[in-house]
């Protein structure tokens, strides 16, 4: 438990001091006025020159008590259109999977960069939702249209 | 002959006298606790405090020998204290406390400071970590112990001299990624987890449909028709099924359940063909093949004996029968109005049967081995086998090794425990031939341990008047003045991962300490240096009387340790089984227990796996 707290406070400090351009990440504010280091809201900008550009996609990051032995859970809003995102918004990404590539040394910065990378390079072998996966593998123009629509929706995302 | 003649001879009269006048704490009065208390009482400890929050249940009685059937539902700590009176020949003073050891109100740091030595007899990580932390705060020696089945260990902990409980990462219960559970199970435990945590939970447990509802909401927001429909479908099917528990007849509910869960959902998965490129495709359940046979089974009441055949691996037909029967009971219970929801409980036959049958049906669909109800109960109920003999042996070691501490005069050594590093040992027992008992000298604290090495800790004694009158800003400045942080150069969290201040989060600076939620006796403040020059600081809050002087622990913070990037990656589970030299005892040589623990030369070296 103490390791979890120590590490999260450290992650917050490192993020404040230095984080990649266009991203934001902040622990949520509890009703008692403190910041809950176990639940963060973050924004992932789509990479320039991709379908995802000009938008910031919100994610929610939840850290378990056993962090950093166990990875955090990362979620887009429910219904997010992406082949590797579950209908609930949960992301299927190997670095967030305890049985695959998660290591305790992976930082918040690496996680959000990993999610950004995933946006435009979906993994067709690990489908998590039907609509986006089907369109991506069988009807590319429909897929691109949907992704652009979604980008428009998040174009003016609040990045405070 | 006096009752203590032999004890004096064995322990030496100096050690024995110290033990007689000592005050010790035993945390936990369960499997190990019962055995250990017997040992401690017969060793003659002067005063023994016992803490446990639990009450006695039937399943305790096979090994917790101080309890009787008439004790069921009574407090464990109070009951053990009474039970040992019948052989309390040396008149140990027994003081039981019924409560949670982590409760800072009932057990504040001042209470802890009365003990010379602490024995753990716990069964969970959280409480162990708490006791470990209190012992680190007070620099009190701690004897840690634990058993699983035939395996067990003791670990003496001498704060800041030997490894503490947190120095080695502990294995925590495995969690499985959603992807595996929902789409691509590959082992029985995946299907059991699915049956218990997903299917059963969604159908019968307290309706936490927030996730489903939020999917609904989003669907309302998006302007894409297809997506909307698909989402609504996914979200609503389970809700519909849940509703049909109440609104529909048992036959209809069962049929809908079987069709949706074991056919439609599987067929939907099959549509995603890339999932099955390198995996064997699941076979949706063809219910029609079983329907008439199932009807025959149901028609004959004698067949209810299937439900209690715990060690047989049921056939698909039998699984369907059990699913039908248990589903019916659960449906009846919900509809009777007595229970609005039902939680999974391994000892609730209906819930267990439902989970076993649905886990097995899913397993057979995915070509995974099916299991007996007995086996699934172990897995679904997280049952860890507990064996009285293992507990007795480990308690013996705990008591024996704990008495080592009283060989020396505590007043002389104070908190300098270095002399114990040469002979105190951690002991492991196991059932493996030639490795029944192994032991190892204590290791030094892990230099990357967040509890032992990377911080200083102490008690912040703050007067009631300051808590009322002063603000968080005042506390920040006091910390800066006392420990030489740079102006605004620190961050503070309080209790469980709640950040209350850093330079970019100064909302609370003007807030009075008394108005900061959780700023109270027994809570912990955790302070980090923003410039990464000073080590971390942990302060235990003790609120002292009105008008007393507020004091902070007097020490200088050490420079923060730096580790190369790749080094940091080492602090992971792999370290658990680092190489250590240990003694292995050959069981062919019949040695006395004392010899085993104390004797020096290593016969063989082996890797110790915790």
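We did not get these values from a lab; they are worked out from the coordinates using the rules stated. No experiment lies behind these values; they were computed from the predicted model shown. As a convention, Cβ positions derive from the backbone with ideal geometry for all residues, glycine included, and neighbour counts pool all protein chains shown.
For segment A:64-160, with equal point scatterers placed on the C-alpha atoms only and solvent neglected, what are the log10 I(q)/I(0) values from the Debye formula at q = 0.16, 0.18, 0.19, 0.23 1/Å, to two decimals?
-0.72, -0.89, -0.96, -1.25
If you line up the Cα atoms of segment A:2-153 on their principal axes, what length do they span on each, largest first, in Å?
49, 32, 27
Work out how far the C-alpha atoms of chain B reach from end to end along every principal axis, then list the three figures in whole Å, largest first.
82, 68, 49
Using only Cα atoms, figure out Rg for the protein assembly as shown and give it as a multiple of 2.2 N^0.38 Å.
Working: Rg = 29.7 Å, N = 770, 2.2 N^0.38 = 27.5 Å.
Relative to the 2.2 N^0.38 Å estimate, the protein assembly as shown comes out at 1.08.
With a Cα-only, solvent-free Debye model of segment B:63-146, what are the log10 I(q)/I(0) values at q = 0.17, 0.24 Å⁻¹?
-0.86, -1.32
Between A:35, A:51, A:108, find the one with the highest GNM mean-square fluctuation for chain A; connect C-alpha pairs within less than 10 Å.
Among A:35, A:51, A:108, the largest GNM mean-square fluctuation belongs to A:35.
On average, how many beta carbons from a partner chain sit within 10 Å of the beta carbon of a residue in B:271-280? Kindly include the intermediate steps, with their values, before the conclusion.
On the way: counts 4, 9, 2, 8, 4, 0, 2, 1, 0, 0.
Mean inter-chain Cβ contacts per residue within 10 Å come to 3.
Could I have the simple spin-label model distance between residue B:74 and residue A:152, label points 7 Å from Cα toward Cβ, reported in nm to one decimal?
According to this spin-label approximation, the distance is 7.5 nm.
Along its principal axes, what span do the Cα atoms of segment B:93-206 show, with the longest given first and each in whole Å?
Result for segment B:93-206: principal-axis Cα extents of 54, 32, 26 Å.
Only bridges whose two residues both fall in the protein assembly as shown count here: according to DSSP, what percent of them are antiparallel, nearest 5?
Working: 54 of 80 bridges.
Of those bridges, close to 70 percent are antiparallel.
Nearest 5 percent is fine: what portion of the DSSP beta bridges confined to chain B is antiparallel? Could you put the intermediate results ahead of the total?
Details: 34 of 60 bridges.
Within chain B, antiparallel bridges account for around 55 percent of the total.
State the volume of the convex hull built on the alpha-carbon positions of segment B:233-346, expressed per residue in Å³ and rounded to an integer.
On the way: hull volume 17.4 nm³, N = 114.
Taking the convex hull of the Cα positions in segment B:233-346, it is 153 Å³ per residue.
Return one number: the angle in degrees, 0 to 90 and rounded to the nearest 10, between the long axis of the Cα atoms of helix B:316-335 and the longest principal axis of the Cα atoms of chain B.
So the inclination is approximately 80 degrees.
Which value in Å does the Kirkwood hydrodynamic radius of segment B:379-524 take, with 1/r averaged over all unlike C-alpha pairs and then inverted? Before the final figure, lay out each step's value.
Numbers: mean 1/r = 0.0488 Å⁻¹.
For segment B:379-524, inverting the mean 1/r across all distinct Cα pairs yields 20.5 Å.
If each residue's Cβ is checked for other Cβ atoms within 10 Å, how do B:45, B:290 rank with the fewest at the top?
Numbers: B:45 28, B:290 18.
In increasing order of surrounding Cβ atoms, one gets B:290, B:45.
Restricting to Cα pairs below 8 Å that are 6+ residues apart, what does the relative contact order work out to for segment B:404-563? Please round to a whole percent. Each step should come with its number before you reach the end.
Details: 247 pairs, mean separation 40.3, N = 160.
The value is 25 percent.
Give me a single rounded figure for A:68-80: the average over its residues of other chain Cβ atoms within 10 Å of their Cβ. Walk me through the numbers on the way to the answer.
Details: counts 3, 7, 4, 2, 0, 3, 0, 1, 0, 5, 11, 16, 2.
If you average over the peptide's residues, the count of other-chain Cβ atoms is 4.
Mind pulling up the Rg/Rh value for segment B:511-552? Radius of gyration and Kirkwood radius, both on Cα. Present the calculation step by step, with values, prior to reporting the outcome.
Details: Rg = 12.6 Å, Rh = 12.2 Å.
Ratio of gyration radius to Kirkwood radius: 1.03.
Please compute the length gained on full extension between residue B:82 and residue B:175, using 0.36 nm multiplied by the number of residues separating them and subtracting their Cα-Cα distance. Present the calculation step by step, with values, prior to reporting the outcome.
Working: separation 93, 0.36 × 93 = 33.48 nm, distance 4.13 nm.
Net length gain for the segment: 29.4 nm.
Please report, to two decimal places, log10 I(q)/I(0) for segment B:455-560 at q = 0.16, 0.17, 0.22 Å⁻¹ as given by the Debye formula with identical point scatterers on the Cα atoms and no solvent.
Computed log10 I(q)/I(0) values: -0.64, -0.73, -1.30.
Given C-alpha coordinates of segment B:337-455, what is the ratio Rg to Rh with the Kirkwood estimate of Rh? If you can, show how the numbers build up before the last one.
Details: Rg = 24.0 Å, Rh = 19.9 Å.
My calculation of the ratio gives 1.21.
To the nearest whole number, what is the average tally of beta carbon atoms from other chains within 10 Å of the beta carbons of peptide A:97-107?
Working: counts 5, 6, 5, 1, 0, 2, 6, 7, 8, 1, 1.
Across the residues of A:97-107, the mean count of other-chain Cβ atoms within 10 Å is 4.
Suppose we keep just the DSSP beta bridges with both residues in segment B:72-164; what percent of those would be antiparallel, to 5? Write down the numbers at each step before the final one.
Working: 7 of 9 bridges.
Counting only bridges with both partners in segment B:72-164, antiparallel ones make up about 80 percent.
Find the all-direction average of the projected area of the Cα convex hull for segment B:19-74, expressing the result in square nanometres with one decimal place. Working shown, then result.
Values: hull surface 15.0 nm².
The Cα convex hull of segment B:19-74, projected and averaged over all directions, gives 3.7 nm².
When only C-alpha pairs under 8 Å and at least 6 residues apart count, what is the relative contact order of segment A:2-153, in percent?
Details: 253 pairs, mean separation 30.0, N = 152.
It rounds to 20 percent for segment A:2-153.
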